[in-house]
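Structure record follows, encoded as structure tokens.
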Amino acid sequence: MGYNLLKGKKGIIFGALNEQSIAWKVAQIARREGAEIVLTNTPLALRMGTLNALAEECQAKVIAADATDVEGLESLVDEALGHFGGKFDFVLHAIGMSLNIRKGRTYENLDYGMYAKTLDISAMSFHKLLQTLHRKDALNEWGSVVGLSYVAAQRSFFGYNDMADAKSLLESITRNFGYVYGRDRRVRVNTVSQSPTMTTAGSGVQGFDGLFDFAERLSPLGNASAEECANFCVTLFSDLTRKVTMQNLFHDGGFSTMGMSEQVMELYQAGHEAKKS
Ligand SMILES: NC(=O)c1ccc[n+]([C@@H]2O[C@H](COP(=O)([O-])OP(=O)(O)OC[C@H]3O[C@@H](n4cnc5c(N)ncnc54)[C@H](O)[C@@H]3O)[C@@H](O)[C@H]2O)c1
């Protein structure tokens, strides 16, 4: 059931790769809430072909763009402005990738070329996107830009590797561009810090299954699903959250504020006992 939260609104959604992608769910729910959308991903991701099914379902235009390429972002924004017939209202940045993680390199053995790419793809691209939108004055007043983050920006999670640094940078860009965009155009900029979620990017992280299970047991409300994340993102695109900006908003069932839960402690003790016997 929809609430018409995005009736008359238009926006660009980055990062839908397959049905598991958080961005995929955001596109479906934004559409259900009445939005008109443009979908974008890299030319390589588009060649994999699955995005067309989502585009059909959401009656969305698909435009290829690599988020690290400023010229590509400029043409994407120009094309979107043409397609929508003017300014638009929201953008989702759901982009993350680490070659160091893919290649199994640990944090004390990083390849610096790959590290730079991680930061460029997963964080600096957010600045490039915001700067392009701002320069072109592409967003309506009270527009909203959302990026997706993870609690490893604040705390150490060994398997998250150089992505942790990228998320810290992403959240810093959110604060600093949030100031500029709010001051100049009354546009909101926030990140949503999401629970571990079974997606292509998520399951690439070392020890992801264990982390998923641990977070599920530690969080009083359990892990948040991709669909629940999408619902939250849509509220941030809506007019109900106009004065929320420059924030990193935890959407994690309470995980980030927990220290220890009974469920985790019981399991830990049982493992301990089993080791002793
Ligand atoms: N899955 C999780 O556990 C989890 C938890 C917290 C935050 N996040 C964040 O959510 C976001 C979306 O990831 P997801 O989990 O849905 O995984 P996903 O693999 O479905 O999405 C990642 C997307 O990034 C895109 N991408 C990679 N390089 C790009 C580039 N140069 N230009 C444009 N797009 C590019 C990929 O094509 C893909 O669509 C990421 O920022 C991720 O870090 C994920």
Scan of the stretch 173-188 for residues that are closer than 16 Å to Y150 by Cα and either modelled with pLDDT under 95 or crowded, with 20+ Cβ neighbours inside 10 Å (or both), ordered by number: I173, T174
Look through S256, S203, S225, S261 and report the one residue that is surrounded by fewer than 20 Cβ atoms within 10 Å (Cβ to Cβ), free of Cβ contacts under 8 Å to residues at least 12 places away in the same chain and either under 27 Å from R105 (Cα atoms) or among the small types (G, A, S) (or both). S203
Filter the stretch 220-251 down to the residues that are away from the ligand (no atom under 13 Å from the Cβ) and more than 15 Å from A30 (Cα to Cα) and list them by number. P220, L221, G222, T241, R242, K243, V244, T245, M246, Q247
For the subset of the stretch 164-193 comprising residues that are in a strand (DSSP E or B) and touching a Gly at 6+ places or on another chain (Cβ under 9 Å), which member is farthest from the ligand (Cβ to nearest atom)? R188
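The values are calculated or read from the model by the stated rules, or taken from the named source; none is laboratory data. The shown structure was predicted, so the numbers you read here are calculated from the model rather than taken from an experiment. For neighbour counting, all protein chains shown are included, and Cβ atoms are generated from backbone atoms with ideal geometry for every residue, glycine included.
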